[in-house]
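Participant: This is the structure, below, for whatever I ask next.
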Amino acid sequence: MKYQSLRGMKDILPEEAPLWQKIEAACSKKFQQFNYQEIRTPIMEMTELFARAVGQSTDIVSKEMYSFTDKGNRNVVLRPEGTAPIVRACLEHNLISKDKITKLYYFGPMFRYERPQAGRYRQFHQVGIEAFGSADPALDAETILLAVSIFKDLGLTDLEVDLNSVGCKECRPRFDSRLRAYLKGFIVQMCEDCHIRYKKNPLRILDCKKPTCQNITNEILQKIGDSDYLCADCKDHFEKLKSILDSLSVNYKINKRLVRGLDYYTKTTYEVISSSLGAQNAVCGGGRYDNLVEDFGGSSVPAVGFAIGMERLVEIMKLKDQNAKLKANVQLYIAPLGEEAKSKAVEYLQKAREAGISADMDYQDKKLKAQLKIANAIGAKYVLILGDDELKKNIVVLRDMQANSQEEITFEEVLARIR
RNA sequence: GCGGCCUUGGUGUAGUGGCAACACAGCAGAUUGUGGUUCUGUUAUUACGGGUUCGAUUCCCGUAGGCCGCCCCA
């Protein structure tokens with residue numbers, strides 16, 4: 001084979017596309033119920049946008065961006081995530097302010113130059129939401145509930161919501177230095193990556209999966225207690241969020257090791273994870289980002305949002321529902337026999353379609369037998385057979401494929417019958 | 001970016017240092033214009049490039065891609 005798709009990119013084939021459509025439909029229905037509006041931003045942005053929002057030292061920015069210079073010598077990237085472009089668009093078009101709530105959703109491809117693996121692609125798709133204008137934990141809860149209800153609508157039950165708070169710009173630095181102090185004596189025993197994290201982002205050490213590192217952090221997590229490291233405001237926010245979720249009967253698990261890799265998160269962070277996905281188990285990730293709008297030069301507008309990974313969601317759906325494949329359902333298949341019949345068939349086909357009937361015909365001059373075979377394969381309900389005899393009599397043979405019966409009627413009667 | 005495993009028709013799988021096998025799908029046919037069953041035929045430069053060899057699909061090296069783990073995340 002001469003050409004193949006680029007590494008980490010994949011084709012969504014007709015067989016799988018209906019599943020994507022089903023998911024997209026379920027999402028947009030929910031978004032509307034929750035009063036979110038769609039926004040579509042370009043897939044390319046200036047490099048700086050992400051360096052600033054996501055964080056210079058994060059993996060996404062430091063090694064995973066598809067960046068290049070365009071013909072005008074601009075530094076551009078294929079977007080690695082959806083939040084930064086939306087904040088940019090909102091500020092550019094004045095969509096947000098601290099006096100009003102703005103709720104948006106998006107759907108589209110994202111790009112990260114990583115080593116591909118199951119559930120991890122270089123081009124992948126996210127559906128996500130962003131809600132601007134309120135620091136109320138009830139809004140955090142709304143976003144979590146929205147994600148959960150989408151999964152529920154899709155019939156997915158074995159998912160787990162992990163919840164944490166990473167604090168704000170007041171308490172996070174304090175916690176970082178407290179963590180460093182705790183870890184100081186143990187750091188020599190820890191892994192290489194944790195040494196880097198110790199300097200760059202000590203919170204991430206909690207997220208390390210190596211047993212030796214976890215043993216050390218286990219003790220620390222116990223010492224730290226429930227949410228002692230948070231300031232009064234963040235602690236109150238976290239407590240309120242938990243009680244709202246409790247009152248809504250949303251199941252969640254506090255996971256103090258949940259630290260997300262994007263620098264803009266403050267207070268609430270959460271993930272929805274599936275046990276059936278292997279290492280790449282997060283189907284949805286989100287949280288609050290109260291400083292991002294201000295960092296981008298806007299006024300101080302708090303915000304919260306999430307993103308769902310489409311490929312991973314599709315994967316779970318496929319595991320759950322092996323026979324989710326949908327056949328094309330054509331109502332009428334026209335089978336002409338001979339040249340004269342073919343031109344009449346083209347005319348009938350167009351009339352049927354204009355009447356709102358999904359219809360198709362043979363374009364390969366196949367024998368009747370072969371045409372019926374195709375009609376059967378595509379799941380046609382009726383086949384209209386048109387040969388010299390029928391042309392003479394100005395009627396058609398309408399065959400009911402399920403009932404295994406057929407009759408001679410006029411084309412007008414066919415339309416009336418099927419419609 | 002690091003480590004491990006893998007790559008044979010459209011799909012799923014055999015197999016051997018000497019003609020590449022099977023199933024399913026596809027297409028064609030089984031006397032006139034009738035499908036979903038049956039039968040017959042047909043469908044591959046064994047991922048790509050190089051090396052060893054009289055001869056490589058098989059052994060070796062490289063490349064590409066996939067999968068798994070790390071990292072990270074959706």
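Participant: Would you check which residues across the range A:117-136 are in a loop (DSSP other than H, G, I, E, B), in contact with a Gly (Cβ under 9 Å, 6 or more places away or on another chain) and open to solvent by 40 Å² or more (accessible area, probe 1.4 Å) and list them?
Facilitator: Answer for the range A:117-136, where residues must be in a loop (DSSP other than H, G, I, E, B), in contact with a Gly (Cβ under 9 Å, 6 or more places away or on another chain) and open to solvent by 40 Å² or more (accessible area, probe 1.4 Å): A:A118, A:Y121.
This table checks each residue for (1) within 10 Å of RNA strand B (Cβ to nearest atom); (2) open to solvent by 50 Å² or more (accessible area, probe 1.4 Å); (3) aromatic (F, W, Y); (4) under 28 Å from A:P85 (Cα atoms).
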site	(1), (2), (3), (4)
A:V301	no, no, no, yes
A:G309	yes, no, no, yes
A:V346	no, yes, no, no
A:L349	no, no, no, no
A:K366	yes, yes, no, no
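Participant: Same structure again: Tell me, which strands (runs of 3 or more DSSP E) lie completely within the range A:337-419 with 2 or more residues that are not aliphatic (A, V, I, L, M)?
Facilitator: On the way: elements: A:359-361, A:382-386, A:396-400, A:405-409.
It comes to A:396-400, A:405-409.
Participant: Among the listed residues A:G72, A:G108, A:G55, which satisfies the condition of being touching a Leu at 6+ places or on another chain (Cβ under 8 Å) and not aliphatic (A, V, I, L, M)? Step through it out loud before you land on a result.
Facilitator: Numbers: A:G72 fails: touching a Leu at 6+ places or on another chain (Cβ under 8 Å); A:G108 fails: touching a Leu at 6+ places or on another chain (Cβ under 8 Å).
Sole residue among the options that is touching a Leu at 6+ places or on another chain (Cβ under 8 Å) and not aliphatic (A, V, I, L, M): A:G55.
Participant: Give, as residue ranges, the helices (runs of 4 or more DSSP H) completely inside the range A:137-226 that count at least 2 residues that are aliphatic (A, V, I, L, M), surrounded by 12 or more Cβ atoms within 10 Å (Cβ to Cβ) and at pLDDT 85 or above. Talk me through it step by step, then tell me what you get.
Facilitator: Numbers: elements: A:137-153, A:171-183, A:192-200, A:211-224.
Filter on the range A:137-226 gives A:137-153.
Participant: Considering only residues of the range A:246-270 that are over 27 Å from A:V87 (Cβ atoms) and among the hydroxyl-bearing types (S, T, Y), which is surrounded by the fewest Cβ atoms within 10 Å (Cβ to Cβ)?
Facilitator: The residue in question is A:S249.
Participant: When you check A:L6 against the structure, is it open to solvent by 60 Å² or more (accessible area, probe 1.4 Å) and either within 15 Å of RNA strand B (Cβ to nearest atom) or touching a residue at least 12 places away in the same chain (Cβ under 8 Å) (or both), yes or no? Break it down stepwise before answering.
Facilitator: Working: open to solvent by 60 Å² or more (accessible area, probe 1.4 Å): yes; either within 15 Å of RNA strand B (Cβ to nearest atom) or touching a residue at least 12 places away in the same chain (Cβ under 8 Å) (or both): yes.
The answer is yes for A:L6.
Participant: Within the range A:183-211, restricting attention to residues that are within 12 Å of RNA strand B (Cβ to nearest atom) and among the charged types (D, E, K, R), which residue is nearest to A:V166 (Cα to Cα)?
Facilitator: By that ranking, first place goes to A:R204.
Participant: Ok, one more. Condition test on A:K392, is it open to solvent by 60 Å² or more (accessible area, probe 1.4 Å), near RNA strand B (Cβ under 9 Å from one of its atoms), within 27 Å of A:P14 (Cβ to Cβ) and assigned by TED's automatic domain parsing to the domain that holds A:T410? So that I can check it myself, show each step before the final result.
Facilitator: Working: open to solvent by 60 Å² or more (accessible area, probe 1.4 Å): yes; near RNA strand B (Cβ under 9 Å from one of its atoms): yes; within 27 Å of A:P14 (Cβ to Cβ): no; assigned by TED's automatic domain parsing to the domain that holds A:T410: yes.
No; evaluated as a whole, the condition is false for this residue.
Participant: Same structure, new question: Could we say that A:L349 is modelled with pLDDT of 95 or more and farther than 25 Å from A:P14 by Cβ here?
Facilitator: The answer is no for A:L349.
Participant: Could you tell me which of the residues A:G287, A:G297 is open to solvent by less than 20 Å² (accessible area, probe 1.4 Å), touching a residue at least 60 places away in the same chain (Cβ under 8 Å) and not in a helix (DSSP H, G or I)? Talk me through it step by step, then tell me what you get.
Facilitator: Values: A:G297 fails: open to solvent by less than 20 Å² (accessible area, probe 1.4 Å).
Going through A:G287, A:G297 in turn, just one is open to solvent by less than 20 Å² (accessible area, probe 1.4 Å), touching a residue at least 60 places away in the same chain (Cβ under 8 Å) and not in a helix (DSSP H, G or I): A:G287.
Participant: I've got another one for you. In the range A:104-150, how many are without any contact (Cβ under 8 Å) to a residue 12 or more places away in the chain and of a type in the set (F, W, Y)?
Facilitator: Selection size over the range A:104-150: 0.
Participant: Just to check your reading of the model, which residue among A:P85, A:P116 is closer than 21 Å to A:I39 by Cα and either modelled with pLDDT under 95 or not hydroxyl-bearing (S, T, Y) (or both)?
Facilitator: On the way: A:P116 fails: closer than 21 Å to A:I39 by Cα.
Matching residue, one of A:P85, A:P116: A:P85.
Participant: Can you spot a residue in the range A:216-231 that is in contact (Cβ under 8 Å) with a residue 60 or more places away in the chain, over 27 Å from A:V87 (Cβ atoms) and not polar (S, T, N, Q)?
Facilitator: Here is the first cut: in the range A:216-231, the ones in contact (Cβ under 8 Å) with a residue 60 or more places away in the chain are A:227, A:229-231.
Now drop any that are not over 27 Å from A:V87 (Cβ atoms), which leaves A:227, A:229.
Of the ones still in play, those that are also not polar (S, T, N, Q) are A:229.
Yes, the range A:216-231 has at least one match.
Listed here are the residues, each with its yes/no results for (1) near RNA strand B (Cβ under 10 Å from one of its atoms); (2) open to solvent by less than 20 Å² (accessible area, probe 1.4 Å).
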residue: A:E354; (1), (2): no, no
residue: A:K369; (1), (2): yes, no
residue: A:L372; (1), (2): yes, no
residue: A:A377; (1), (2): yes, no
residue: A:K381; (1), (2): yes, no
residue: A:V396; (1), (2): yes, yes
residue: A:M401; (1), (2): yes, no
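The values are calculated or read from the model by the stated rules, or taken from the named source; none is laboratory data. Quick caveat, the model's predicted, so the values are computed rather than measured. Because the Cβ atoms are built from the backbone with ideal geometry, glycine has one as well, and the counts that use them run over all protein chains shown. Surface accessibility is based on the protein's heavy atoms, side chains included, excluding ligands, DNA and RNA. Shrake-Rupley method; radii C 1.70, N 1.55, O 1.52, S 1.80 Å.
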